[in-house]
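The values are calculated or read from the model by the stated rules, or taken from the named source; none is laboratory data. Computed from a prediction, not measured in an experiment: that's the story for all the values here. Positions of Cβ are generated from backbone atoms using ideal geometry, with glycine treated the same way; all protein chains shown enter the neighbour counts.
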């Protein structure tokens, strides 16, 4: 799904959402230059794979947090992890670097991606801001609605403390 299809899907589901249009951003430093209505809810998305390329993980945390992949591996009993290549990102989620988003799971027809989401997103106000598969906008949705969407797609969702 592209940006317009993601937004239309949210409208059809009758989920609350808000969109912030902005210049293309490719990392959290660039996003920090954008005026956001809910900066406490912006998300950092890491698309990683195990060393055998058998398992793919989307790790979504609050924008100011760091993820230690070695620690993540230990906590979640995975094989050694590394960032996925641009080719894997396009093949599995249909996305380019800088546009990584939980909405990319719409494009994961084989349900390869296990989604890990930071438990802090469920605290008040219960919002999360992610790209709508396009890095020229941020869409703000209720965290519970995002999890519902991902589960409806058939992908595994795990809420974790980071």
Residues that are surrounded by fewer than 20 Cβ atoms within 10 Å (Cβ to Cβ), touching a residue at least 60 places away in the same chain (Cβ under 8 Å) and in a loop (DSSP other than H, G, I, E, B): does region 101-110 have at least one?
no
Among (1) assigned to a helix (DSSP H, G or I); (2) in contact with a strand residue (DSSP E or B) (Cβ under 9 Å, 6 or more places away or on another chain); (3) in contact (Cβ under 8 Å) with a residue 24 or more places away in the chain; (4) surrounded by 14 or more Cβ atoms within 10 Å (Cβ to Cβ), the one test that residue 73 misses
(3)
Residues (outside any strand (DSSP E or B) and touching a residue at least 60 places away in the same chain (Cβ under 8 Å)) located in region 41-54
41
Residues being surrounded by fewer than 21 Cβ atoms within 10 Å (Cβ to Cβ) and over 19 Å from residue 123 (Cα atoms) - total across region 32-47
5
Taking region 20-31 on its own, how many of its residues are touching a strand residue (DSSP E or B) at 6+ places or on another chain (Cβ under 9 Å), surrounded by 12 or more Cβ atoms within 10 Å (Cβ to Cβ) and farther than 13 Å from residue 101 by Cβ?
3
How many of the residues in region 55-70 are under 16 Å from the mean Cα position of the chain (by Cα), more than 25 Å from residue 18 (Cβ to Cβ) and free of Cβ contacts under 8 Å to residues at least 60 places away in the same chain?
3
Within region 55-70, track down each residue that is surrounded by 15 or more Cβ atoms within 10 Å (Cβ to Cβ) and assigned to a loop (DSSP other than H, G, I, E, B).
55, 63, 67
Which of (1) part of a strand (DSSP E or B); (2) over 13 Å from the mean Cα position of the chain (by Cα) does residue 139 not meet, given it meets every other one?
(2)
Given (1) surrounded by fewer than 14 Cβ atoms within 10 Å (Cβ to Cβ); (2) within 18 Å of the chain's Cα centre (by Cα); (3) in a helix (DSSP H, G or I), residue 8 misses just (2)
Check off (1) loosely packed, with under 15 Cβ neighbours inside 10 Å; (2) at negative phi; (3) assigned to a loop (DSSP other than H, G, I, E, B) for residue 15 and give me the number that stays unchecked.
(1)
Going by the structure shown, is residue 100 out of contact with any helix residue (DSSP H, G or I) (no Cβ under 9 Å at 6 or more places or on another chain) and either modelled with pLDDT under 95 or under 12 Å from residue 43 (Cα atoms) (or both)?
no
Which residues, counting only those in region 146-160, are crowded, with 17+ Cβ neighbours inside 10 Å and assigned to a helix (DSSP H, G or I)?
146, 147, 149, 150, 153
